[in-house]
1. Residue by residue through the range 87-135, note down the ones that are β-branched (V, I, T), more than 16 Å from L74 (Cα to Cα) and part of a strand (DSSP E or B).
2. Can you tell me which residue within the range 163-182, out of those that are more than 16 Å from the ligand (Cβ to nearest atom) and part of a loop (DSSP other than H, G, I, E, B), is nearest to S98 (Cα to Cα)?
3. When you go through (1) of a type in the set (S, T, Y); (2) touching a Ser or Thr at 6+ places or on another chain (Cβ under 8 Å); (3) under 18 Å from I144 (Cβ atoms) one by one for T85, which number turns out not to apply?
4. Quick check, is I13 more than 27 Å from Y172 (Cα to Cα) and at pLDDT 80 or above?
5. When the range 141-162 is examined, which residues are found to be farther than 21 Å from S96 by Cβ and either outside any loop (DSSP other than H, G, I, E, B) or more than 16 Å from the ligand (Cβ to nearest atom) (or both)?
6. Out of curiosity, is S135 in contact with a Phe, Trp or Tyr (Cβ under 8 Å, 6 or more places away or on another chain) and either at pLDDT 90 or above or among the basic types (K, R) (or both)?
7. Here is a list: R152, R120. Which entry is of a type outside the set (A, V, I, L, M), surrounded by fewer than 15 Cβ atoms within 10 Å (Cβ to Cβ) and either touching a residue at least 60 places away in the same chain (Cβ under 8 Å) or outside the structural domain of I174 (by TED's automatic domain parsing) (or both)?
Amino acid sequence: MLKTKRVLNFEQIKEELKNFREDHLKAGIGMILRRGEAYYDPIINSIRFRKLLNIPLPKRLYERTDLEKKVLGLINSTKTNLTLTCNKKSEILVESFSETQMRIRVRNKRAERLRRYGYRVEQEYRMRTKRKKTSITFDQDGQIIKLKCGCREFNEGPRNISAPCSDILALYIISINFMNLPFEIGKKYNYAQLEAMAAGD
Ligand SMILES: [Zn+2]
């Protein structure tokens, strides 16, 4: 909606988003204002959404991209494996890992020799768990200062924020909500603890 409508007052926003509770709408608008994506125009008592482009956006830009879908698919597993620590310099390190099963060939010298002589010997495989770690370090202003991920997508690129992988994006989306919490230095927090803190428990 915010991409297509430019100026709306609160009544119109309520009309557009009928399914949402009024306090949720107000909180949402507040967030958009804080992010600078819109500003309040007191003359017409309305919210003006900033124009990012002068031309109308093509429809396909509103659709979910494959990357977005991939990131959304990673959100839950990333939450499960997330840990956050804050160091003495007030830098916040968030980490998460994922495990994938890999099939690897078992080397069997005898079988290999037999195969060389033309015998048909089935190749043996075993499963190995491959663990991949993803981490982001934020400075005390919530700016990213370091990124790491064990996946190929990230390591084949420039390894910086200009080309984040889906693991980093998922971790970023989750952890950015917790950046303003008061952390104890050196303590390790999991997702449930962070969520409780954010809810004010
Ligand atoms: Zn990755």
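The values are calculated or read from the model by the stated rules, or taken from the named source; none is laboratory data. In this text, all values refer to a predicted model and were calculated from it rather than measured experimentally. Cβ atoms come from the backbone with ideal geometry, glycine included; neighbour counts cover every protein chain shown.
1. Across the range 87-135, the qualifying residues are I92, I104, T129.
2. Only one residue fits best here, namely M179.
3. Condition (2) is where T85 drops out.
4. yes
5. Once the filter is applied, which keeps residues that are farther than 21 Å from S96 by Cβ and either outside any loop (DSSP other than H, G, I, E, B) or more than 16 Å from the ligand (Cβ to nearest atom) (or both), the range 141-162 yields only D141.
6. Numbers: in contact with a Phe, Trp or Tyr (Cβ under 8 Å, 6 or more places away or on another chain): no; either at pLDDT 90 or above or among the basic types (K, R) (or both): yes.
For S135, the condition - in contact with a Phe, Trp or Tyr (Cβ under 8 Å, 6 or more places away or on another chain) and either at pLDDT 90 or above or among the basic types (K, R) (or both) - is not met.
7. Working: R152 fails: either touching a residue at least 60 places away in the same chain (Cβ under 8 Å) or outside the structural domain of I174 (by TED's automatic domain parsing) (or both).
R120 is the lone residue from the list that is of a type outside the set (A, V, I, L, M), surrounded by fewer than 15 Cβ atoms within 10 Å (Cβ to Cβ) and either touching a residue at least 60 places away in the same chain (Cβ under 8 Å) or outside the structural domain of I174 (by TED's automatic domain parsing) (or both).
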